[in-house]
Amino acid sequence: MAAPSAAGLCRRLRAWLPRIMPVRWSRYNPSYLEPEVKTEAYQKPLEELTEEEKEQMELKAVRPIKAAPPTLSSSVFSDPMISKFTNMMMKSGNKVLARSLMSQTLEAIKRKQLEKYHKAPENEKETIECNPYVIFHQALKNCQPIIGLSSITRGGKTYQVPVPLTDNRKRFLAMKWMITECRENKHRRTMMPEKLSQELLLAFNNEGPIIKKKHVLHKMAESNRAYAHFRWW
Amino acid sequence: MGGRSAAVMAAAVGRVLRLCRRWGAGPGAQTLRLICTTTAVQRKNAGASGPEKYTEAFIKKQIEEFNLGKRHLANMMGEDPETFTQEDIDRAIAYLFPSGLFDKQARPLMKHPTEVFPEQRKIQWGEDGRPFHFLFYTGKQSYYSLMHETYEKLLNVQKHQDELIAQDLPLQKEKRNLAGSRWLTKIELEEMLVEKMSDDDYSRFIRLLEKLVALPCADLEEKYIQKFSKEVPAQLQKVLIEPLQYDERGVAFSTGEGRRKTASATAVVYDNGTGKITVNGIDILHYFPVLQDREQLLFPFQFLGRIGKHDMVCTVSGGGRSAQAGAIRLASAKALRSFVTEKEVEFMRQAGLLTVDPRVKERKKPGQEGPRRKFTWKKR
């Protein structure tokens, strides 16, 4: 196993290597690095940085940096997960509507939690979480599946093979399930923020249809364990 | 039929005899001068990228002609033939043969033949058809021989490491200055090997090099590694930060310009302010009703912690709502550079506030409905 410093060396010297010719290309030169927007990262004194962070800092001093996208800002209210979710909720590029729905959802969550807080007896008041951001993150985390299924065709028959998922894929699946659930399984007259806040609160407590869907997927993967050796990657 | 084959045979024999004569003539010449091709050599082989287009004699003649022409040109222009550089040649040609053609490569050109004629490989096999290189039949002899060499170096370094461990000596861990160097690009590597390679091959080679560099005793093969790495100028272009200007009231101000998509903006940031921002004479609350745009405008100030301390007056035109916000953000970040220490300017750059966003609308392609969307596929 190479030492951590050696791993950092590899990362730095890496030229852009197209493994497969990318269909998606970027207007930026491959040597451009992602911007770091939070002010806390820049206020850390030099001694507290680990080896890796020091190397990362040295690299950033030499390489050009991409421009920060319009959804990202250093304010406390900008959260990359919330932006991602808003973009997934957006239809036909109507970001204004998606963002307002998101803020109404967070407001609805806050209201419901506050109601519960004020009705609860003294000893239970600490257990009730009122921060809508914390609830959002925890709910999505609870919805993330650990293992996924992939269709592999062998000898004419298609099998559902259990397959590990990357972090990005897990997050995407959780958000996708949440949005499809809220769009389809609701009464015609319920508004999206209301339904979303309901689902998020249920997911936060590990209940609700999305958690059920996740458990169903896990059970399917468990039952198809025998085919796991079909996976070659 | 019989007569024709005999004639063909005679011709083939004749060609071979001619070749043999030529081969015997040259002192220890390994490469053949193929003026006429035999059926034997007309076989398609992946090693050479085609029959030799320019023979060595031809290139030598071109070089002599070029040097002679250079001296004539220098005489014509009244310059000293000894100290006539390539830039002088370009200027002289542009003066003597002025051309209005748009394509720069279509204009008259006088360059050294090595730059004009692409480097190509000599014939890789002997007179008997037997190739010189042992990896010729892989199709990519230079690439595979390079991989073999690099792997040999890797094994060497590992052996040296094992020896040091066996003797309980500490492994050398001198850090190379890696931030300032990069590997050769695929094109540069192709030029070096005079052989085409695929992207996969290139990435395999780079991974092997990285593996070699990652070992602690890699300094052993420093020279070999340096052949494939290039210096990257560590100092990015030092942008000149304009000093603060002062207006009639004695208040310090600074201007900045920014662009995003088709929008362009100019921002004037005043000191000792209350945080009032005006765009095209209108307050930002009325000009940008969307929260996201206002967030973008305040981003540079919030990042530096100077929210209530500056006033801003901007003008913006073109683009849409988000593009105008992005343009003003860039303009204000550029203006704020004059108010702030160098370290904070570096932090702003690393936060992506000072980079021009190069993303623009992608063009529509012919045969497609949009930049990516294809026309509806109909089976019949």
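Bear in mind that the values in this text are calculations on the coordinates, not laboratory data. Keep in mind that what you see is a predicted model, and the values were worked out from it rather than measured. Backbone-built Cβ (ideal geometry, glycine too); neighbour counts: all protein chains shown.
Okay, here's what the table says:
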| read-out | value |
| --- | --- |
| Loop sites in segment A:21-92: chymotrypsin sites (Phe, Trp or Tyr not before Pro), DSSP, at most 14 other Cβ within 10 Å | A:25, A:77 |
| Calculated [θ] (222 nm, deg cm²/dmol) that DSSP helices of n ≥ 4 give over the protein assembly as shown, each run adding -39,500 (n - 2.57) | -14500 deg cm²/dmol |
| Residues B:123, B:241, sorted so that the one with the fewest Cβ neighbours within 10 Å comes first | B:241, B:123 |
| Reachable lysines, given that their alpha-carbon falls under 26 Å from the alpha-carbon of residue B:196 and they are not under 8 places away in the same chain | B:44, B:53, B:60, B:111, B:122, B:140, B:153, B:186, B:211, B:223, B:227, B:230 |
| Reciprocal of mean inverse Cα separation for segment B:103-248 (Kirkwood radius, Å) | 19.6 Å |
| Residue B:106-residue A:61 pseudo-label distance in nm [points 7 Å out on the Cα-to-Cβ vector] | 5.0 nm |
| For residue A:34, net neighbour charge (Lys/Arg +1, Asp/Glu -1) across residues whose Cβ lies under 11 Å away | +2 |
| Rg/Rh for the protein assembly as shown, where both radii come from Cα atoms and Rh is the Kirkwood radius | 1.06 |
| Coil-residue trypsin sites (Lys or Arg not before Pro) of segment A:133-233, DSSP, other Cβ within 10 Å capped at 15 | A:188, A:189, A:231 |
| Simple spin-label estimate for residue A:223 and residue A:120 in nanometres, 7 Å along Cα-Cβ | 3.8 nm |
| Neighbourhood charge, 13 Å Cβ-Cβ cut-off, centred on residue B:316 and excluding it, Lys, Arg +1 and Asp, Glu -1 | +3 |
| Efficiency of FRET from Cβ geometry, residue B:379 and residue B:341, R₀ 51 Å, rounded to 0.05 | 0.20 |
| Set of aspartates and glutamates with alpha-carbon distance to residue A:54 below 15 Å, sequence-local pairs under 8 removed | A:36 |
| Distance-filtered residues of segment A:215-231 - backbone nitrogen under 16 Å, label point 7 angstrom along residue A:166 Cα→Cβ | none |
| Simple spin-label estimate for residue B:211 and residue B:151 in nanometres, 7 Å along Cα-Cβ | 0.8 nm |
| Charge sum, other residues only, whose C-beta stays under 15 Å from residue A:219's C-beta, Lys/Arg counted +1 and Asp/Glu -1 | +3 |
| Most positive-pole-ward Cα, B:63, A:127, A:220, against dipole of the protein assembly as shown from beta carbon charges | A:220 |
| Cross-link pairs A:176/B:365; A:157/A:212; A:112/A:195; B:261/B:365; A:141/A:212 - those with Cα-Cα distance over 24 Å | A:176/B:365; A:157/A:212 |
| Förster radius 60 Å - calculated FRET efficiency between residue B:240 and residue A:87 (Cβ-Cβ, nearest 0.05) | 0.95 |
| Computed log₁₀ I(q)/I(0) - Debye formula, equal Cα scatterers, no solvent, segment A:89-230, q 0.14 Å⁻¹ | -0.76 |
| GluC sites (Glu not before Pro) within segment B:272-363: DSSP coil, no more than 13 neighbouring Cβ in 10 Å | B:362 |
| Average Cα contact separation per residue, segment A:89-230, under 8 Å, 6 or more apart, as relative contact order % | 31 percent |
